[in-house]
Every structure is written in C-alpha cells, then in structure tokens.
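Every read-out reported here was derived from the displayed coordinates using simple, explicitly stated rules and does not represent laboratory data. In this text the structure is predicted, and so the values were computed from the model without any measurement. Every residue, glycine among them, receives a Cβ derived from its backbone with ideal geometry; neighbour counts consider all protein chains shown.
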Amino acid sequence: MSAESHLAEFGITVQQARDFIKLNIQEPEEIFQVARDYGVTTRMLSELSDHSVDAVRGYFSAVNLQSKDLDYPNILVNSDLGSLGSLVSLNQREGILSNTSLRTAVLEKLGSNKGDYEFTFGFVKPYQDDDGIYNADELGVGHLTSVPATTESLESLFYGSLINIFSALDEIELNQIVGFSNKGTEEYQTLLLSTLSESPTPIMWSDTDLSHLVEDEAVSIIGKYWEKGNYLAGLLDHSYLGIATA
C-alpha cells in the first residue's frame, strides 16, 4: 500500500505528513514513535521524505532505533501470500479441532508461559482496532475485509489457517519439511512454497493427529513470536505459510 492510501485512512494528507517530518527532522525518536503508532513503514517514510529506504534506516539507527520495528504492521502476515492466501480462514471445525479445544490444549502445553498466549492474541496496535473491524490491510490478507476486531477472531484465523496448512500436506511432505537440514535457506522456503501450492491431496490426518500437529505448531509459533530481537509481528509470519512467502 502507498503512503498516500495508508494515511488517507486516518484523514491525513501526504503534505501534512511531510510537514510533520520536516518540523521534527531533528527528533527522530518522535518521528519513529508516530510512525509506529500509525503503522507507517520504512518504505512509506521513504516515499514521504524522498530519501532511500537505506537512508531512512540509517537515520534511525544513528540514534539506536531499529527501523525493522516499523516494517511489519500487519496482524496476521507481512508477506505477499499470492494464491496461498486461500489457506487463511476462520476455523469452522468442531470437537477436538474447535477453537476452545485447541486453546485449552495449547495453554496446557505452554505451561509456565501461559501468559504469552493472552498477549499474542490480545495485543494489537491502537490504530488497528479503532473501528471495531480488522480489514484486509490491517490483517495482511487480501480477501479478509470485515473481520470483527476481537481476540476470538484472531484465534479463529490462527487455528483455521494452521488446520488448512497441515491439511494441505501429506505425511511424506511433512516429513520432508520437518527433516530439512537447514531451515534458514531459500531451498527450505522453496520446498514450503511448492508443497503448499500443490493441488490438495486426500486428507490423511485423523482429527486427533491434526489437532496434535496444530497444537505443537501453535506452541512453537507463540514461542518465536516473543523471542527477543524478533521483528516479525504477524501471528502467522513464523508458520509454514509465512516462511514460504517471506
């Protein structure tokens, strides 16, 4: 999204934003905080200031501010999902795969880190729930346009998407992914992207197996979400889906 389109949602013009930057150019901390409050990314600041992204990063790093903190404003995903966006949906399952059942199981597996769960699904930036609705730009998923701005909605999207991701993988594909030796490479990303892009195979997982896969992945994602120095802010950025499209 362009800086102009993003700012228009708050009734702010490009000229007003540029005037603010010029007025506070000697106060990078002020510009940084306001940008963060309004979800203005480093790229948008580059547009507004007519300086390169690298120059903007250098401007903030000179006062020990991490510009990456501005670059992940979406609640769910901060990458272009393309056709894989269809894997992101609300959870409609019942029984052992319901949101309530999965929440209970994940909380139990988190043990002493139960507090991370509440903050994971309850923390959003002030501008993201100001109208009671999470729109596509706030979530980072194009087809989600009017999701109620509630913790329950985020939980449902999180679990629904994980269920869809694992349902798209058969046991052989999952074993390839889990056993991949170097998960920080483009080869790993390519493997994820190719397997998730394939036509769905007949679902091989029982509800019990699927629930265990989702629970373990949820615990892993929540742990990574709160790692020190982690700049990815989306709930699904550390999922197979987020990694595949990063």
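Loop-located chymotrypsin sites (Phe, Trp or Tyr not before Pro) in region 148-177 (DSSP state not H, G, I, E or B) with no more than 12 neighbouring Cβ atoms inside 10 Å do not occur.
Phi angles of region 68-79 translate, via the Karplus equation with coefficients 6.51, -1.76, 1.60 and θ = phi - 60°, into HN-Hα couplings of 4, 5, 8, 8, 10, x, 7, 6, 9, 9, 10, 9 Hz per residue; Gly and Pro are given as x. Each of THR41, THR150 was scored by other Cβ atoms within 10 Å of its Cβ. Listed from fewest to most, they are THR150, THR41. Modelled spin-label separation between GLN66 and GLU171, with each label point placed 7 Å from Cα along the Cα-to-Cβ direction: 4.1 nm.
Using R0 = 45 Å, the C-beta based FRET efficiency linking GLU9 and THR185 works out to 0.75. Under a 5 Å amide H cut-off, with hydrogens placed 1.01 Å from N, TYR134 pairs with VAL147, ALA149 among residues at least 5 apart or on other chains.
Close amide H contacts of SER89 (hydrogens built in the peptide plane, cut-off under 5 Å, sequence separation of 5 or more or a different chain): SER161.
Sparsely packed loop sites in region 24-101 (the GluC sites (Glu not before Pro) outside DSSP H, G, I, E and B with at most 14 other Cβ atoms within 10 Å) comprise GLU94.
Classified by the C-alpha gyration tensor, region 82-245 has a rounded form. Its axis ratio a/c, with a ≥ b ≥ c, is below 1.5. With contacts taken as Cα pairs under 8 Å at a separation of at least 6 residues, region 66-186 carries a relative contact order of 36 percent.
Ranked by how many other Cβ atoms sit within 10 Å of their own Cβ, fewest first, the residues HIS51, HIS238 fall in the order HIS51, HIS238. Remark: region 84-96, residue by residue, has Karplus-estimated 3J(HN,Hα) of 6, x, 5, 6, 9, 7, 5, 7, 9, 6, 10, x, 5 Hz, where x stands for each Gly or Pro and the curve is 6.51 cos²θ - 1.76 cosθ + 1.60 at θ = phi - 60°. Near PHE180, no amide H atom lies under 5 Å from its own; only residues 5 or more places off or on other chains count, and H is placed 1.01 Å from N.
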